[in-house]
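Notes follow the structure.
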Amino acid sequence: MSSRLTSVAVTLAQWAERLEPEPCDLELADRSLLDTVAVTLAARDHRVTRLAAALPEAARWAVAGHVLDFDDLHMPSTTHVSAVCVPTALATGGGPRAYLAAAGVMARLGTALGWRHYSAGWHATCTAGAPASAAGAAVALGLPATKIAVAMALAVPAAGGVQRTFGTDAKSLQVGFAADAGIRAARLAAAGAQADPEAVDAWLGLVGGDPAAVDPSGPAVPNGLAVKLYPCCYALQRPISALSGLAGSELARSGLAGSELAPQLDPAAVRRIVLRTPEATVVPLIHHRPASGLQGKFSLEYGAAAALLDGYPGFGSFTDAAVRRDAARRLVSLVETKLDPGGSWLLDGELEAEIHTGDGTILRTRQQFPPGSPERPPTTAQLQAKLAECVRGLDTDPVSWSWDNAADVLRRFLPESDPAWMS
């Protein structure tokens with residue numbers, strides 16, 4: 001057997017071409033559609049969304065779908081699968097099968113890249129996302145496995161992105177670039193462009209991945225997807241959930257509507273906040289004294305402060321003004337982080353939290369899996385509350401969305417336009 005027949009691109013292309021989704025796969029695809037369209041619409045007025053308004057559809061939608069950091073995550077690969085794959089499928093008219101093909105390729109490539117790749121500072125959503133978008137778009141275009149593999153190889157030059165962008169406009173923009181590059185690669189492959197599929201193997205090795213780890217077996221998206229219940233980096237989901245519970249306002253107490261509840265613990269009484277967690281779980285949390293809403297989404301210290309101040313840290317907790325609150329800055333300064341060596345994913349080990357108050361009280365808690373994780377899937381009430389909050393004030397009902405009409409919903413509320421920078 002030639003090496004090409006066992007190359008990563010050919011293996012995944014053949015899997016994608018033959019994909020026949022099971023009912024559980026389609027259920028995941030439908031949930032991902034609703035979740036992704038909702039968080040995309042929630043960002044319709046965001047400054048970065050407006051900057052991206054002249055980009056092609058998939059790029060524009062991917063930027064908006066990722067900028068709030070409210071989109072889902074594939075835990076083993078540490079990739080935001082649906083922010084790339086839903087826009088790709090909708091922009092190419094591919095439907096759930098194209099989404100699942102893209103998502104499955106992205107999950108498998110990201111898993112083969114592994115924690116070493118992510119912890120080195122790569123943004124795996126972009127590195128795995130560009131070839132995955134190419135595969136999904138190629139499936140949507142009805143291409144055979146040979147051309148799906150070529151499309152993936154043509155997307156290799158766009159398979160980059162680094163974590164230093166976290167907390168800046170570039171984080172969501174580079175996700176949009178990855179989705180757009182994949183579609184462009186698929187269209188070029190459809191038009192007859194040629195490439196060596198083994199370029200994918202070469203790239204995978206160069207960026208620290210293991211081609212032998214690509215496994216096409218199992219469900220379309222192995223291990224499922226984590227749904228966020230707080231609009232911030234996934235590495236903050238566990239600390240926020242744990243501290244909100246400790247303060248008496250944990251999301252599980254009232255669903256996502258906890259945003260209307262004040263915390264029972266008086267934040268002014270807090271004197272120390274001590275957090276102990278494996279060092280792997282804070283890799284993306286690079287902003288220790290955030291100065292903007294985007295930076296706050298990647299700050300362990302601010303996440304702790306927001307959990308104590310706001311009860312349920314929602315959209316309003318991650319604005320520039322919220323991050324700059326005097327009360328937030330005081331709590332940020334009280335956070336002490338104790339990192340245990342090692343770890344290989346964002347939910348490794350357990351988070352242990354202590355809150356020390358002025359009267360000598362010490363509140364303690366620990367948590368491994370936050371609500372929304374595959375081990376603690378969101379309840380129907382939590383998911384519905386999230387969707388409702390995302391579309392508040394809009395004349396659209398998530399119940400009416402489908403793979404057939406979701407693209408038109410996005411076109412209605414996120415129309416293409418020429419931003420000021422183009423004039």
For region 76-99 versus region 128-143, the gap between their alpha-carbon centres in whole angstrom: 9
Given the options Gly303, Gly314, Gly358, which has the most mean-square fluctuation in a GNM of the chain, springs set between C-alpha atoms less than 10 angstrom apart? Gly358
Once both axes come from the Cα atoms, what is the angle between helix 8-18 and the longest principal axis of the chain, in degrees from 0 to 90, rounded to 10? 80
Given charges of +1 on the Cβ of Lys and Arg and -1 on the Cβ of Asp and Glu, with all other atoms neutral, how large is the dipole of region 1-156 about its Cα centre, in debye to the nearest 20? 520
Label-to-label distance, nm, for residues given as Arg276 and Asp30 (7 Å Cα→Cβ offset): 4.5
Enumerate the lysines that Lys386 could reach by cross-link, defined here as Cα to Cα under 17 Å, with residues fewer than 8 away along the same chain left out. Lys228
Taking only protein heavy atoms and a 1.4 Å probe, what accessible area per residue, in Å², does the chain have with all protein chains in place? 37
With a sphere of radius 14 Å drawn around the Cβ of Leu188, what net charge do the other residues whose Cβ falls strictly inside it have (Lys, Arg +1; Asp, Glu -1)? +2
Anchor Lys338: lysines whose Cα lies under 19 Å away (excluding residues fewer than 8 positions away in-chain): none
Ignoring ligands, DNA and RNA, what percent of the 1.4 Å accessible area of the chain is carbon and sulfur? 53
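The values are calculated or read from the model by the stated rules, or taken from the named source; none is laboratory data. A quick note: this is a predicted structure, and the numbers were derived from the prediction, not measured. With ideal geometry, Cβ positions are generated from the backbone for all residues, glycine too; neighbour counts draw on all protein chains shown. Just so you know, the surface numbers come from the protein's heavy atoms only, side chains and all, with ligands and any DNA or RNA stripped out. Shrake-Rupley method; radii C 1.70, N 1.55, O 1.52, S 1.80 Å.
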